[in-house]
Amino acid sequence: MYASQQKTIKYQTQLFTFRIGEYSALLPADSFRSIARPGEVIYDRVTITREALANAFGNVKDEKEKIEAALDCESHVHIGAIINIYNDKNGNGRIDPGENMAQIVNKNEINSKASMFPAKNREDMRSRYQSIALPGRKAPDFYPTPEGATVWTESFANCAKTYTGEPGETIDIPVRLYNGGKSTSKTDFQASWYGSGWQNPVWNAGDVELSPGE
């Protein structure tokens, strides 16, 4: 946000977005913003506790338990922002009715929508989009391993194995499912294309029941 009383085009972060696995949350940027004097630059360092992050995704008990599980199993939390570009016609530093010009919702829009700003300001906008590694990650109770592996490793969260083929070719991808927990339990076993979600998996084995160590 510009700390300027000039009547000019400015930008302001409205919301921060957080994504862990399939869960998403929004937090107002006001709670992270310090008020600067005209021309002053302030850098804020923000620490968000595990509890606060879990609460941001939902306070309902069932949902919170799922978020806690995601915090244990996912490797990263992905942070983004919703940034408004506005024409501050009266120099009050607020987005008044009729002043909004454009809204940036992902990093790839910065160059086109914020082209009127110098490079240092566009780089400042990009700094809002980050992937932060989650400390203390646990292996999930159920975990799949690629061909040739029997033990969970952190690298599987990003890319367990790569297969290549020609258009129209059928490729077999051997995968084994293990129960690393302490009790016999069931889990659904599915596969989907990266980034497509789980609404329409390309493969679905249904519920699989395994005893500990299987």
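Any residue that is without any contact (Cβ under 8 Å) to a residue 40 or more places away in the chain and more than 23 Å from the chain's Cα centre (by Cα) - is there at least one of those in region 100-107?
yes
Does region 19-29 contain at least one residue that is surrounded by 14 or more Cβ atoms within 10 Å (Cβ to Cβ), hydroxyl-bearing (S, T, Y), part of a strand (DSSP E or B) and touching a strand residue (DSSP E or B) at 6+ places or on another chain (Cβ under 8 Å)?
No.
Looking at this structure, is V41 closer than 20 Å to Y129 by Cα, in the same structural domain as Y129 (by TED's automatic domain parsing) and in a loop (DSSP other than H, G, I, E, B)?
Spelling it out, V41 is indeed closer than 20 Å to Y129 by Cα, in the same structural domain as Y129 (by TED's automatic domain parsing) and in a loop (DSSP other than H, G, I, E, B).
Taking F117, is it in contact (Cβ under 8 Å) with a residue 40 or more places away in the chain, farther than 24 Å from R50 by Cβ and not acidic (D, E)?
Considered against the rule, which asks whether it is in contact (Cβ under 8 Å) with a residue 40 or more places away in the chain, farther than 24 Å from R50 by Cβ and not acidic (D, E), F117 comes out as yes.
Working carefully through the options Y143, Y129, Y86, find the one that is within 28 Å of A56 (Cβ to Cβ), touching a residue at least 24 places away in the same chain (Cβ under 8 Å) and within 19 Å of the chain's Cα centre (by Cα).
Y129
Could you please find all residues in region 48-87 being at pLDDT 90 or above and in contact with an Asp or Glu (Cβ under 8 Å, 6 or more places away or on another chain)?
Y86, N87
The values are calculated or read from the model by the stated rules, or taken from the named source; none is laboratory data. All of these numbers come straight from a predicted model, not from anything done at the bench. Every residue, glycine as well, gets a Cβ built from its backbone with ideal geometry; the counts of neighbours run over all protein chains shown.
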